[in-house]
Amino acid sequence: MSETWSFFVAALSTIFVIVEPLGVVPAFASMTAGRTAAEMRRIALRASVVGAAVLFLFAIGGRFLLDLLGISIDAFRMAGGLLLLLTALDMLRAKQAACRCSKEELDDAKAKDDIAVVPLAIPLLSGPGAMAAVMMLMSRATGPSQVCAVLVAVAITFVVSFVVLRSASAISGAVGPSVMAAVQRVLGLVLGAMSLQFIVEGGVSLLTSIKG
């Protein structure tokens, strides 16, 4: 039980840090400016549900996709770890992760009526980094309890994401840019350590399989 609990804590930490709902608050507040509170709640709910569904899909079907493409899980761990490391470096510099949305994409989204799926759910919440993270976590799961731990971690992350996005206006008003940047840097440091662990694990396993 303690091993499953430790794995759950690690999975929740990894997924929450890479999804980083607090980091999406400024973009969400900007894109929903002028909308009613009810509209903002609906957008936040739909984005959270779709984002969670995307990560559930990659968690459950990710291994099948890798097998179909002929990619080993160890090679994917290294590649995914590098992607997360790049995201962590952007977070340490308090920048919007390059693998999410460009400024031009965000500006274009402001003119759209429906922003819940694109760009909020994909790629702001469930971007390439989050997809890679859940697939790597599933590859480390050693039994049904740990598989469930990853899925529960995804669900909890997006429940929190909904609460955070629903309160985006209040959070933006109460928390200044400097505080948001500080939080982002702390989360970036945590993500950097996690990504290096994925890279090392994948590299060691890959070398072992080659030598064997």
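Read-outs: derived from the displayed coordinates by stated rules, not from any lab. None of these values were measured; they are calculated from a predicted model. Cβ: placed from backbone, ideal geometry, glycine included. Neighbour counts: every protein chain shown.
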Open item on the list: What do you get for the angle between helix 144-166 and the principal long axis of the chain? Use alpha-carbon atoms, 0 to 90 degrees, nearest ten.
Closed with: 20
Open item on the list: Can you tell me, using C-alpha contacts under 8 Å and at least 6 residues apart, the relative contact order of the chain as a whole percent?
Closed with: 45
Open item on the list: Just checking my list (i) 17.4, 61; (ii) 16.6, 55; (iii) 15.3, 45 against Rg and Dmax of the Cα atoms in Å computed from this structure; which label fits?
Closed with: (i)
Task: Positive-end extreme of charge dipole, the chain - chosen from ALA168, THR4, VAL150 (charges on Cβ) - done: ALA168
Open item on the list: I'd like the orientation of helix 21-31 relative to the chain: the angle between its Cα long axis and the longest Cα principal axis, in ° from 0 to 90, rounded to 10.
Closed with: 40
TODO: Using only Cα atoms, find the angle between the long axis of helix 177-211 and the longest principal axis of the chain, and express it within 0 to 90 degrees, rounded to the nearest 10.
DONE: 20
Task: Most fluctuating residue given options MET131, MET180, MET78, as computed from a GNM of the chain linking Cα atoms under 10 Å - done: MET180
Task: Residue-averaged 222 nm ellipticity for the chain, from DSSP H runs of 4+ at -39500 (n - 2.57), nearest 500 - done: -27000 deg cm²/dmol
Task: Nearest-20 debye value, the chain charge dipole, Cβ charges on Lys, Arg, Asp, Glu - done: 240
Open item on the list: For a test of the definition: using alpha carbon positions, the gyration tensor, and the 1.5 limit on a/c, classify the stretch 167-212 as rounded, prolate or oblate.
Closed with: prolate
